[in-house]
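To keep things clear, I will list the structure first and then write my remarks on it.
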Amino acid sequence: MTPPASGTERFDDAATRTLLVDGVELVYRELGPATGIPLVALNHLGANLDGWDPRLVDGLATDRRVILLGYRGVGRSGGGVRDAIEKMADDLIAALRVLDLPRIDLLGLSMGGMVAQDVVRRAPELVARLILISSGPAGGPGLTEMTRVMVGGTARAALALADPKARLFFTRSAAGKSAARDYLGRLRERRTDRDGRVALRVLRAQLAAVHRWGEQPATGPSSFDRPVLILHGDSDRMVPVGNASALARVFPTAEVTVFPDAGHGVVFQNHLDVVVAVRAFLHR
């Protein structure tokens, strides 16, 4: 394991480090003050560490240690890619042991939120606060359709010579199109020490994992009794907005905010508002 970062760094400058978990090297980045309860963040399906929005991460790391953890078999992480949410949760729990983090705040984006839910189900003592963005519970509405939606959106983007993320993550309104252009530009800001590319096999395995998650019986109320924040876009095609209500039934005391004219990339389209909401929640 490479030494942890100290002090504050920007996302664009934070080193890509390695962590040996059960004999496999996972990549991660760490930034922000090395004090207090860290915020561990799990990204969406098909994303490596470079898929994080720099404005989001820098905003959250202003006064908090933020750890961005890569998935096994994705980018520069070793091992075979996981095809089940529960196996990804195994990796996170093991990584926290290696990092000697007995308590964290946990943020999960889309598929990352599904992994986060399985972590609080099996090891609730590890998590002080839970943030679920553009995610859904096991058996959530429309989750088994993600493969169809992603394949169709990618095909339409290819015909239009566009980046699939612009079609899949953002609305087609003027505001949505502008936000997509800005977000894609921000993803290119980091020039050095980038993560490895995401292979097609990763997408296949992770889509299968989400499909299995969606096929499970609907989740009943959780025994997790610590603060939960749920954020969603009202026009999310990949994880339909009904999943926000479904999550609220799993976590009945959760705070829920649904952003208007926002798709699956609600956190990228509304990064300033999301930073304010998440920081307020974490400081409460």
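Take the stretch 247-276 and flag every residue that is surrounded by fewer than 19 Cβ atoms within 10 Å (Cβ to Cβ) and part of a helix (DSSP H, G or I).
ALA248, ARG249, LEU272, ASP273, VAL276
Does the stretch 27-71 hold any residues that are without any contact (Cβ under 8 Å) to a residue 40 or more places away in the chain and of a type in the set (S, T, N, Q), and which are they?
The one that is without any contact (Cβ under 8 Å) to a residue 40 or more places away in the chain and of a type in the set (S, T, N, Q): THR35.
Criterion first (assigned to a loop (DSSP other than H, G, I, E, B) and either small (Gly, Ala, Ser) or out of contact with any Cys (no Cβ under 8 Å at 6 or more places or on another chain) (or both)) does ARG201 satisfy it?
On the way: assigned to a loop (DSSP other than H, G, I, E, B): no; either small (Gly, Ala, Ser) or out of contact with any Cys (no Cβ under 8 Å at 6 or more places or on another chain) (or both): yes.
No, not satisfied.
Taking only pairs six or more apart or across chains, which ones have beta-carbon atoms under 7 Å, a first residue in the stretch 226-251 that is free of Cβ contacts under 8 Å to residues at least 24 places away in the same chain, and a second residue that is part of a loop (DSSP other than H, G, I, E, B)?
VAL241/ASP234; ALA248/ALA254
Suppose we filter LEU130, LEU106 for residues that are touching a Lys or Arg at 6+ places or on another chain (Cβ under 9 Å), outside any helix (DSSP H, G or I) and within 18 Å of LEU49 (Cβ to Cβ); which single one remains?
Just a single option satisfies the conditions, and that option is LEU106.
Return a yes/no flag: does the stretch 182-203 have any residue that is in contact with a strand residue (DSSP E or B) (Cβ under 7 Å, 6 or more places away or on another chain), surrounded by 20 or more Cβ atoms within 10 Å (Cβ to Cβ) and in contact (Cβ under 8 Å) with a residue 24 or more places away in the chain.
Yes; the residues of the stretch 182-203 include at least one that is in contact with a strand residue (DSSP E or B) (Cβ under 7 Å, 6 or more places away or on another chain), surrounded by 20 or more Cβ atoms within 10 Å (Cβ to Cβ) and in contact (Cβ under 8 Å) with a residue 24 or more places away in the chain.
Those residues that are assigned to a loop (DSSP other than H, G, I, E, B), over 17 Å from HIS283 (Cβ atoms) and out of contact with any helix residue (DSSP H, G or I) (no Cβ under 7 Å at 6 or more places or on another chain), I need them from the stretch 25-68; list them, please.
Listed by number, the residues that qualify are ALA34, ALA47, ASN48, TRP52.
What number of residues within the stretch 110-127 satisfy the criterion of being crowded, with 17+ Cβ neighbours inside 10 Å and assigned to a helix (DSSP H, G or I)?
Counting residues in the stretch 110-127 that are crowded, with 17+ Cβ neighbours inside 10 Å and assigned to a helix (DSSP H, G or I) gives 11.
As an exercise: evaluate THR219 against (1) touching a strand residue (DSSP E or B) at 6+ places or on another chain (Cβ under 9 Å); (2) β-branched (Val, Ile, Thr); (3) buried (at least 18 other Cβ atoms within 10 Å of the Cβ) and give the number of the one condition it does not meet.
The number of the failed condition is (1).
Name every residue in the stretch 47-58 that is closer than 15 Å to VAL202 by Cα and surrounded by fewer than 23 Cβ atoms within 10 Å (Cβ to Cβ), in order of residue number.
ASN48, GLY51
Could you look through the stretch 146-174, keep only residues that are touching a residue at least 24 places away in the same chain (Cβ under 8 Å) and not hydrophobic (A, V, I, L, M, F, W, C), and pick out the one that is farthest from GLY265 (Cα to Cα)? Lay out the reasoning, then the answer.
Looking only at the stretch 146-174, we keep the residues that are touching a residue at least 24 places away in the same chain (Cβ under 8 Å), and these are 146-147, 149-150, 153, 165, 168-171, 173.
Cutting the leftovers down to not hydrophobic (A, V, I, L, M, F, W, C) gives us 147, 153, 165, 171, 173.
On the way: THR147: 17, GLY153: 14, LYS165: 8, THR171: 9, SER173: 14 Å.
Across the stretch 146-174, the extreme among qualifying residues is THR147.
All of the numbers you see were taken from the coordinates with simple rules; none came from a lab. Computed from a predicted model, the values in this text were never measured in an experiment. Don't worry about glycine lacking a Cβ; one is built from the backbone with ideal geometry, like all the others, and counts go over all protein chains shown.
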